[in-house]
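Please read the structure below before turning to the comments.
No value in this document is a laboratory result; all are computed from the given coordinates. Worth saying up front: this structure is predicted, and the values here are computed from it rather than measured. All Cβ positions, glycine included, derive from the backbone under ideal geometry; neighbour counts span all protein chains shown.
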Amino acid sequence: MASERENIVQYITNLLTENINELTTVTRVVRPLDAISPAELPMAIVIDGDESRDYQGARMIATFQVHIRLIDDRSQFNKTSTFLNSLISNIENLLGKDPYLGGNSAFPVRIFRIETDEGWLYPFTFANIVVSTYYTSVEPR
């Protein structure tokens, strides 16, 4: 049986795959940049991040961060930061339409942080969207 964390990360991966047509590749596998083919770009890598837990008696509420890492090659088709910003907006809108991630998040998800490379790794461009999700469980007594 998959963990709550696994269910959340896989749900977001599937959501992006099925709904963000601008992405050529959506994966959960992190690879070195030189192992990524230009044909795979633009790409999203969905990975799990930090988790913090709050215990209230036997109940645990976890805040779990998921990272959506976007990678693209600006030299292809003379892309500007407008493309990356559009991609970020599309992902924000998608998460806004499904704030409980199909029932996998106990509370509405929030975009916690968006970081971009601001062009310093040209020709590649990167963005990291950090999404806060939540799950609960009851500890056995």
Review point. Out of all the residues in segment 67-75, is one or more more than 22 Å from residue 17 (Cβ to Cβ) and either of a type in the set (D, E, K, R) or surrounded by fewer than 17 Cβ atoms within 10 Å (Cβ to Cβ) (or both)?
Key: yes
Review point. If you take the residues of segment 16-27 that are in contact (Cβ under 8 Å) with a residue 12 or more places away in the chain, outside any loop (DSSP other than H, G, I, E, B) and β-branched (Val, Ile, Thr), which of them is farthest from residue 45 (Cα to Cα)?
Key: 25
Review point. Which of the strands (runs of 3 or more DSSP E) contained wholly in segment 34-141 include at least 1 residues that are free of Cβ contacts under 8 Å to residues at least 24 places away in the same chain, within 17 Å of residue 3 (Cα to Cα) and charged (D, E, K, R)?
Key: 43-56
Exercise for review: Restrict the check to segment 2-15 and report whether at least one residue is over 16 Å from residue 69 (Cβ atoms), among the hydrophobic types (A, V, I, L, M, F, W, C), out of contact with any Asp or Glu (no Cβ under 9 Å at 6 or more places or on another chain) and part of a loop (DSSP other than H, G, I, E, B).
Suggested key: yes
